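Read the figures in this text as sums done on the coordinates, not as results from a lab. What you are looking at is a predicted structure, and each value in this text was computed from that prediction instead of being measured. Virtual Cβ from ideal backbone geometry, glycine too; neighbours counted across all protein chains shown.
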Amino acid sequence: MVVSEQLHFPINICDAKYDANPAWAEKLRIGELLKEYDRVLYLDADILVAPNAQNIFEQYPDPETIYMLNEGAVCDRQLERQLIEEKLGRISWPASNGCFTYYNVGVILASKPCQLFDYADLDGLQSVCNHIRFYEQTLFNYHIFKNNLQHKELASNFNRMDMFGQEDYFEADFIHYAGKGYAKNNRRRDVQFLRDFAKLYSGIVPNKEIAQLQTNAWERFLDTIYKKYPFPNWLIKLCSERFVPR
């Protein structure tokens, strides 16, 4: 397992038209790792892997294919297509059931023959990062389709987001806390993540370690809302302890 604790691909986010994060460029490291490993599974940091998760490498074995979840099946991503085609030119974009294919890059399973990172590079990301939505995700989709790379969608249980609803999400193999992340809002996302982690890993991870993680997430949550609301911190904390599930 490789954990990125620092950024390796410096990108200049400046006056971006849409929300953009320099950490998103870190996905380019997949291409570097594929020079060393036959297959690479990339997971966003806000993904919880269930302790009994199926082996995704066995479920999706073709080394010629890049695998990702097609969120375009449930979300309208015509704007993303329009924005990148205005920058880079029109291409043939696949669709099914009247919806454009648009992959979510929170989970990527790629193998050494994959050519995506021959086309997607830091210069390319820099050229679009301040102009389009979900800059690295949209650019990856563009290059996959423009260059006719072999691709296939993952089942939602390997990238289960709240866009699919909250019912039975605990049954998924990889739970993705993107957006609100099964919480009332994205400020509570880390708290929700650790609540779910505690349930899934009870008896596997020591209770003391889980409690410390939950305390850290709660303190970060409080720090965020202290800055947001013009009320005394003690009042905010009191209300949070009463109304925010922990």
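In square nanometres, what is the average projected area of the Cα convex hull of the chain?
Reported value for the Cα convex hull: 15.1 nm².
For LEU154, what is the net charge nearby, where nearby means another residue's Cβ is under 15 Å from its Cβ and Lys, Arg count +1, Asp, Glu -1?
In short, -3.
Using the 10 angstrom Cβ neighbour count as an exposure proxy, how do SER4, SER92, SER156 rank, fewest first?
Placing the least packed residue first, the sequence is SER92, SER4, SER156.
Within 12 Å, Cβ to Cβ, of GLU26, how many net charges do the neighbouring residues add up to if Lys/Arg are +1 and Asp/Glu are -1?
-2
So what's the net charge close to ASN55: Lys and Arg +1, Asp and Glu -1, counting the other residues with Cβ under 14 Å from its Cβ?
That sum, taken over residues with Cβ under 14 Å, equals -1.
Give me the extension gain from GLU167 to LYS208: residue separation times 0.36 nm, minus the current Cα-Cα distance, reported in nm with one decimal.
11.8 nm
Using helices alone, what [θ] at 222 nm do you get for the chain, with -39,500 (n - 2.57) per DSSP H run of 4 or more residues, divided over all residues and rounded to the nearest 500?
-10500 deg cm²/dmol
For region 192-246 and region 104-167, compute the distance between their C-alpha centroids and round to whole Å.
So the two Cα centres are separated by 32 Å.
For the residue pair PHE231 and LYS112, what label-to-label distance in nm results when each label sits 7 Å from Cα along the Cα-to-beta-carbon direction?
With each label placed 7 Å out from Cα toward Cβ, I get 5.9 nm.
Can you give the Kirkwood hydrodynamic radius of region 94-233 from its Cα pairs, in Å with one decimal?
Value: 18.1 Å, from the Cα pair sum.
If you wrap region 68-170's Cα atoms in a convex hull and average its projection over all directions, what's the area in nm²?
7.1
So for the chain: antiparallel DSSP bridges make up what percent, rounded to the nearest 5?
Here the antiparallel bridges make up roughly 70 percent for the chain.
Send over the semi-axes of region 1-136's equivalent ellipsoid, whole angstrom and largest first, taken as the square roots of 5 times the C-alpha gyration tensor eigenvalues.
Semi-axes, largest first: 24, 20, 15 Å.
Could you tell me how many cubic angstrom of Cα convex hull volume region 195-246 has per residue?
Dividing the Cα hull volume of region 195-246 by its residues yields 73 Å³.
Put +1 on the Cβ of each Lys and Arg and -1 on the Cβ of each Asp and Glu in region 183-243; which of LEU194, LEU238, TRP218 then has its Cα farthest toward the positive end of the dipole?
In region 183-243, that residue is LEU238.
Using alpha carbons only, how many angstrom separate the centre of region 81-101 from the centre of region 1-57?
Region 81-101 and region 1-57 have Cα centres separated by 24 Å.
With charges only on Cβ, +1 for K and R and -1 for D and E, what is the dipole size of the chain about its Cα centre, in debye, rounded to 20?
900
Within region 160-246, list the GluC sites (Glu not before Pro) lying in a DSSP loop whose Cβ has at most 14 other Cβ atoms in a 10 Å radius.
Listed in order of number, the matching sites are GLU167.
Looking at this model, which pairs from LYS27/LYS208; LYS184/LYS237; LYS17/LYS180; LYS112/LYS146; LYS184/LYS228 are more than 24 angstrom apart at the alpha-carbon?
Pairs exceeding the cut-off: LYS27/LYS208.
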